[in-house]
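Data first, discussion second: the structure below is written as structure tokens.
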Amino acid sequence: MEKIRKGDDVVVIAGKDKGKRGSVLRRSDAEHVLVDGVNRVKKHVKPNPVKGVVGGIIEKEMPLHISNVSLYNPATRKADRVGFKTLEDGTKVRFFKSNGEVLGV
């Protein structure tokens, strides 16, 4: 079970985009996440007429390491740590460590 999942609101806690907030678009692998509007870079693209790609400079998001992002807690309006606990019915859920609020139930 992952602490950060697709669709979660996260805050960047390290790097050039520190303090920015966005939604997780996807997890590229076990250690990287792609966050909407964060870590944008300019990439030079060669034209490819077979695929219909026009050449030029495009701006796109690049993945961030999962250690550089933290879940956003709307109650405290800050980044927060996440833990796991098992409810009475046996389901495993995530919760914020600062206030004990359960996520996604």
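The values are calculated or read from the model by the stated rules, or taken from the named source; none is laboratory data. Everything numeric in this text was worked out from a predicted model, so none of it was measured. No Cβ is skipped: glycine too gets one built from the backbone with ideal geometry, and neighbour counts run over all protein chains shown. Just so you know, the surface numbers come from the protein's heavy atoms only, side chains and all, with ligands and any DNA or RNA stripped out. Shrake-Rupley method; radii C 1.70, N 1.55, O 1.52, S 1.80 Å.
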Lysine-lysine proximity count for the range 42-105, Cα under 23 Å, sequence distance 8 or more or distinct chains: 8
Furthest towards positive pole of dipole, Gly83, Val93, Ile58, structure part the chain, Cβ charges: Ile58
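Given a 1.4 Å probe, how much area per residue of the chain is accessible, in Å²?
With all protein chains present, the chain gives 68 Å² per residue.
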Selection from Gly19, Pro74, Ile4, by position along the positive dipole direction of the range 1-98 (Cβ): Gly19
Residue of Asp17, Asp89, Asp36 that the Gaussian network model of the chain assigns the largest fluctuation, springs spanning Cα pairs under 10 Å: Asp89
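May I ask you to give the percent of accessible area on the chain that is carbon plus sulfur, with a probe radius of 1.4 Å?
On the way: 3610 of 7130 Å².
Roughly 51 percent, rounded to a whole number.
Report the GluC sites (Glu not before Pro) located in the range 50-101 that are in a DSSP loop and have at most 16 other Cβ atoms inside 10 Å of their Cβ, or state none.
Values: sites: Glu59, Glu61, Glu88, Glu101; in loops: Glu88, Glu101.
Loop-located and lightly packed - Glu88, Glu101.
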